[in-house]
Amino acid sequence: MNGKFDFAKTVYVKPIDVADLPAEVRDQAGDLDHLFAVHNADGEQLALAATNALAVHLALENDLQPVSLH
């Protein structure tokens, strides 16, 4: 592989259970059972999104490279 890949711009998208979130976030999630978290390589949560597609879109719009985690 000869192309350059900037791992500093890699973010991870993973599904999370709304029940595992703080009460104030659960209240904002409405009827959703799952949200999708965007984390940087250090594990810092950067964003929460209602769908995987939205989480990926947020990453790409911020010049980040999303990788899905299960």
Is there a residue in segment 52-67 that is in a strand (DSSP E or B) and free of Cβ contacts under 8 Å to residues at least 12 places away in the same chain?
no
Going through segment 24-46 in order, the residues found to be on the phi < 0 side of the Ramachandran plot, small (Gly, Ala, Ser) and modelled with pLDDT under 95 are ALA29, ALA41
Exercise. Condition test on ALA8, is it of a type in the set (A, V, I, L, M), loosely packed, with under 15 Cβ neighbours inside 10 Å and assigned to a loop (DSSP other than H, G, I, E, B)?
Worked result: no
- Message: Criterion first (under 11 Å from the mean Cα position of the chain (by Cα), among the polar types (S, T, N, Q) and open to solvent by 70 Å² or more (accessible area, probe 1.4 Å)) does GLN28 satisfy it?
- Response: no
Here the residues within segment 31-51 that are more than 14 Å from SER68 (Cα to Cα), open to solvent by 60 Å² or more (accessible area, probe 1.4 Å), of a type in the set (A, V, I, L, M) and not in a strand (DSSP E or B) are LEU32
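The values are calculated or read from the model by the stated rules, or taken from the named source; none is laboratory data. Treat the numbers as computed from the prediction; the structure is a model and nothing was measured. No Cβ is skipped: glycine too gets one built from the backbone with ideal geometry, and neighbour counts run over all protein chains shown. We work out accessible area using only protein heavy atoms, side chains counted, and drop any ligands, DNA or RNA first. Shrake-Rupley method; radii C 1.70, N 1.55, O 1.52, S 1.80 Å.
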